[in-house]
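Following: one structure in structure tokens, then a few remarks.
Every read-out reported here was derived from the displayed coordinates using simple, explicitly stated rules and does not represent laboratory data. Since the model is a prediction, treat every value here as computed from it, not as a measurement. Cβ: placed from backbone, ideal geometry, glycine included. Neighbour counts: every protein chain shown.
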Ligand code: 5GP
């Protein structure tokens with residue numbers, strides 16, 4: 001009799017534990033990842049590339065490129081199940097969030113019709129967002145919420161770094177953005193008949209639950225920035 005009672009308690013405990021675990025567990029799309037990179041791009045540096053065809057009125061503020069699941073070992077899961085044909089039309093992201101996305105996450109490329117924002121978001125969701133295991137609503141809301149909490153241009157300006165086509169020593173960027181320990185990513189720009197490196201993107205680390213930006217574990221790193229000074233294009 002006593003052993004039946006004990007077994008009953010054990011079964012009940014296991015059922016409760018299982019249902020709690022299934023509540024905590026991410027959806028079946030979720031891949032193993034450790035954090036996100038919130039990738040902010042400097043539009044002039046994207047648009048001054050040879051062959052780039054951008055819409056007129058290039059923003060002069062950092063805009064969102066994407067939020068990418070990452071592993072601590074350097075992996076980047078991509079193209080998981082859950083792709084959608086069109087984020088805006090999916091009906092899975094509320095109007096308030098779409099409004100914030102239109103402001104903070106614009107498509108920069110020229111398109112035939114409309115503004116192309118939803119095509120850009122859809123590309124980013126299908127390639128990266130699907131591997132978060134989150135709903136579209138949670139993923140896009142967390143992305144705009146984290147991005148709206150930072151003003152990279154203001155932080156650079158307050159350290160004397162302006163988008164004025166001048167060269168700045170790498171350490172100026174390292175110091176200005178030191179609290180993020182971010183990845184500072186460059187591309188090439190033609191300047192006074194030579195090729196220089198220019199600031200293109202800042203990759204910020206976001207906790208895997210989307211709740212906050214934190215200093216990246218590996219410290220500030222430069223990606224494709226060469227060894228010399230870096231241009232901040234206007
Ligand atoms: P990833 O594939 O790693 O998410 O991002 C790289 C791609 O994003 C590149 O092909 C680049 O052209 C694209 N990209 C960056 N900014 C924009 C944008 O504003 N609009 C569109 N449509 N694509 C962009």
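For residue 69, the conditions (1) part of a loop (DSSP other than H, G, I, E, B); (2) more than 10 Å from the ligand (Cβ to nearest atom) are fulfilled apart from (1).
Take residue 161 and decide whether it is under 28 Å from residue 51 (Cα atoms), free of Cβ contacts under 8 Å to residues at least 60 places away in the same chain and either away from the ligand (no atom under 12 Å from the Cβ) or touching a strand residue (DSSP E or B) at 6+ places or on another chain (Cβ under 6 Å) (or both). Lay out the reasoning, then the answer.
Numbers: under 28 Å from residue 51 (Cα atoms): yes; free of Cβ contacts under 8 Å to residues at least 60 places away in the same chain: no; either away from the ligand (no atom under 12 Å from the Cβ) or touching a strand residue (DSSP E or B) at 6+ places or on another chain (Cβ under 6 Å) (or both): yes.
When the stated conditions are applied, residue 161 does not pass them.
Scanning the stretch 155-193 for residues that are part of a strand (DSSP E or B) and either more than 24 Å from residue 37 (Cα to Cα) or over 24 Å from the mean Cα position of the chain (by Cα) (or both) turns up 166, 167, 168, 189, 190, 191. Is it the case that some residue within the stretch 107-116 is out of contact with any strand residue (DSSP E or B) (no Cβ under 8 Å at 6 or more places or on another chain), without any contact (Cβ under 8 Å) to a residue 40 or more places away in the chain and crowded, with 18+ Cβ neighbours inside 10 Å? No. Checked against the criterion of being farther than 24 Å from residue 223 by Cβ and within 15 Å of the ligand (Cβ to nearest atom), the stretch 88-98 contains one or more residues that satisfy it. May I ask you to list pairs of residues, at least six apart or on different chains, whose Cβ atoms are under 6 Å apart, with the first in the stretch 142-155 being in contact (Cβ under 8 Å) with a residue 40 or more places away in the chain and the second being part of a helix (DSSP H, G or I)? Here the result reads 144/100; 144/101; 144/104; 147/104, each pair linking the stretch 142-155 to a residue that is part of a helix (DSSP H, G or I).
Does residue 120 meet the test of being at negative phi, over 15 Å from the mean Cα position of the chain (by Cα), within 12 Å of the ligand (Cβ to nearest atom) and part of a helix (DSSP H, G or I)? I'd like the intermediate steps shown before the answer.
Working: at negative phi: yes; over 15 Å from the mean Cα position of the chain (by Cα): no; within 12 Å of the ligand (Cβ to nearest atom): yes; part of a helix (DSSP H, G or I): yes.
In short, no.
Checking each residue in the stretch 194-209 for being part of a loop (DSSP other than H, G, I, E, B) and in contact with a strand residue (DSSP E or B) (Cβ under 7 Å, 6 or more places away or on another chain) picks out only 208. Residues in the stretch 126-144 include at least one that is more than 10 Å from the ligand (Cβ to nearest atom), surrounded by fewer than 20 Cβ atoms within 10 Å (Cβ to Cβ) and within 26 Å of residue 180 (Cβ to Cβ).
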